[in-house]
Amino acid sequence: MPLRLTRRDTIAGALACLAPRVGRTEGDRIAELVAQVSPERLRATVVALAGFPTRYTLHPDFPQVTARVAQGFREIGVAPGGLALLPFTMEGGLLRHNVVAGSPADPRGVIVVGAHMDSLSETPMRLAPGANDNATGVAAMIEAHRILAGAALPCGLVSVAFAGEEQGYRGSAALAAMARSKGWRVRLMLNLDMLGHSHPGPDAPFWIEADEGNARPENDAAAQAAGDVAARMAAAHTRLTIARSDIWGSDYMPFEAAGFPVIGFYDGAAVDGAPGYHSTADTVDRIDFDRLTEATRLTVATVAAVAHQAG
């Protein structure tokens, strides 16, 4: 499903271009970026990805999922030279790919935003729509990349759609190992995993996760500082009620073990006992798209703020 610019996108972009350039604060600049988040584009991406019968990494049709995510990056203007399919091997020799947008070797250093594109259910070879887990994370990542790639950040932005998360972080482990071996200057890895769970109450917490302890304790200070930035951005630019926690159980784990500071955003679905978690019931009709929009606003604001601090 091709994604097209809406009238709202055009107006937001025009307002950003016409805004006064003199006397603007960093908060003003971030607010201009946050205002460009398009709920319509987020919904279109979630619908497109959840439209696959399954996105189970081991399914023979999974390369079509990879191709659709790559198409999503191309639709927001990522040039062929800025998009790569990086291969890795699953158990048994099965070849799969991570989709990488941006230049990981940027000498200024990079912020990596990651989200896994694979899904899981009780019958994954037949049906695993994975609307919340994790079409929402991929949608937020692509939308944030659309906005931030042209924002003249003082460091590089790399967005990665991982395969194999549900099989022990196989894709992110391969990329983290590559980042370490090639000496990529990863200033922060921000993981997006489940962002649109529809909670029964409007004030249900949205979780900012930051590394504390784990394999490399020397990462803690930078990760906690980035988590603090994210909490401030949530208060300034979103309506989310924030809770804080350590990292656990997603694609940031291999990056932390490789020595990079990591944080994550998460909607609390597993904690809340969401009926759709890892099941065939994880469908589009259960998604809270307002919550997903706020989570994407938080992603844009946090990356922009961390980038300017790092620069």
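The values are calculated or read from the model by the stated rules, or taken from the named source; none is laboratory data. These numbers were taken from a predicted model, which means no experiment stands behind them. Here the Cβ is made from the backbone with ideal geometry for all residues, glycine too, and neighbour counts use every protein chain on show. Note: areas computed on protein heavy atoms with side chains; ligands, DNA, RNA excluded. Shrake-Rupley method; radii C 1.70, N 1.55, O 1.52, S 1.80 Å.
Mean residue ellipticity at 222 nm from the helices of the chain, using -39,500 (n - 2.57) per DSSP H segment of n ≥ 4 over the full residue count, to the nearest 500 deg cm²/dmol?
Values: 9 runs with 119 residues, N = 311.
Helices in the chain give a 222 nm mean residue ellipticity of -12000 deg cm²/dmol.
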> Using the Karplus equation 6.51 cos²θ - 1.76 cosθ + 1.60 (θ = phi - 60°), what ³J(HN,Hα) coupling, rounded to whole Hz, does each residue of region 62-74 give in order, writing x for Gly and Pro?
Replying inline: 4, x, 5, 5, 4, 5, 5, 5, 4, 4, x, 5, 5
> Taking the Cβ of residue 233 as the center, what net charge do the other residues with Cβ under 12 Å away carry, scoring Lys and Arg +1 and Asp and Glu -1?
Replying inline: -1
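With a 1.4 Å probe and every protein chain kept in, tell me what percent of the accessible surface of the chain is carbon plus sulfur. Kindly include the intermediate steps, with their values, before the conclusion.
Values: 6980 of 12340 Å².
The computed percentage sits at 57.
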>> Name the residue from 254, 299, 310 whose Cα lies farthest towards the positive end of the charge dipole of region 244-310, charges +1 on Cβ of Lys and Arg and -1 on Cβ of Asp and Glu.
In response: 310
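Looking at the chain, send over the antiparallel percent of its DSSP beta bridges, to the nearest 5.
On the way: 16 of 37 bridges.
Looking only at bridges with both residues in the chain, the antiparallel portion is about 45 percent.
Give me the net charge for the shell around residue 168: Cβ to Cβ below 14 angstrom, other residues only, Lys and Arg +1, Asp and Glu -1. Walk me through the intermediate numbers first.
On the way: positive: 96, 170; negative: 91, 118, 165, 166, 251.
Net charge in that neighbourhood comes out at -3.
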>> At q = 0.11 Å⁻¹, what log₁₀ I(q)/I(0) does the chain have when each alpha carbon counts as one equal point scatterer in the Debye sum?
In response: -0.60
> For the chain, what is the accessible area per residue in Å² when the probe is 1.4 Å?
Replying inline: 40 Å²
> Once you list every other residue whose beta carbon is under 15 Å from the beta carbon of residue 156, what net charge do they have if Lys and Arg are +1 and Asp and Glu are -1?
Replying inline: +3
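Treating the beta-carbon of each Lys and Arg as +1 and of each Asp and Glu as -1, no other charges, what is the dipole magnitude of the chain about its Cα centre, to the nearest 20 debye? Could you put the intermediate results ahead of the total?
On the way: 27 positive and 33 negative charges, 243 e Å.
I would put it at about 1160 debye.
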> Whole-Hz Karplus ³J(HN,Hα) for region 165-179, in order, using 6.51 cos²θ - 1.76 cosθ + 1.60 and θ = phi - 60°, x for Gly and Pro?
Replying inline: 4, 6, 10, x, 6, 5, x, 5, 4, 5, 6, 4, 5, 5, 4
> Of the residues 135, 177, 226, which exhibits the maximal mean-square fluctuation in a Gaussian network model of the chain defined by a 10 Å Cα contact cut-off?
Replying inline: 177
